[in-house]
Amino acid sequence: MAPIEHVWDALDRVYDSVFQFLPTSSSLAAIEEEWTNIPQATITNLINSMPRRRVALREANGGHTRYCLVFGPPQ
């Protein structure tokens, strides 16, 4: 339920696409660039959505909610 998990998931997808073999300095730089390119507004929106997420989680009795990842697949 933590907003940062959505950010980590987006970075995981980038990680999977650039680390096809062994990590290199360029693939590490790609991960760092993706991290710095996440708009602050995205982070703020995820944090501001927490009250709605909490209510949805409670209504779903801890099950799945309508909230899904906000990032698309890596380009």
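The values are calculated or read from the model by the stated rules, or taken from the named source; none is laboratory data. Since the model is a prediction, treat every value here as computed from it, not as a measurement. Note that we place each Cβ from the backbone using ideal geometry, even for glycine, and neighbour counts take in every protein chain shown.
Close contacts from segment 42-53, counting a first residue that is touching a residue at least 40 places away in the same chain (Cβ under 8 Å) and a second that is surrounded by 12 or more Cβ atoms within 10 Å (Cβ to Cβ) and part of a helix (DSSP H, G or I), with Cβ to Cβ under 6 Å and a gap of 6+ residues or different chains, come to Leu46/Pro3; Leu46/His6; Ile47/Pro3. How about the chain: which helices (runs of 4 or more DSSP H) wholly inside it have at least 2 residues that are at pLDDT 85 or above? The qualifying helices (runs of 4 or more DSSP H) are 25-37, 40-48, 50-59. Look at (1) surrounded by 14 or more Cβ atoms within 10 Å (Cβ to Cβ); (2) touching a Ser or Thr at 6+ places or on another chain (Cβ under 9 Å); (3) of a type outside the set (S, T, N, Q) and you find that Glu59 fails only one, number (1).
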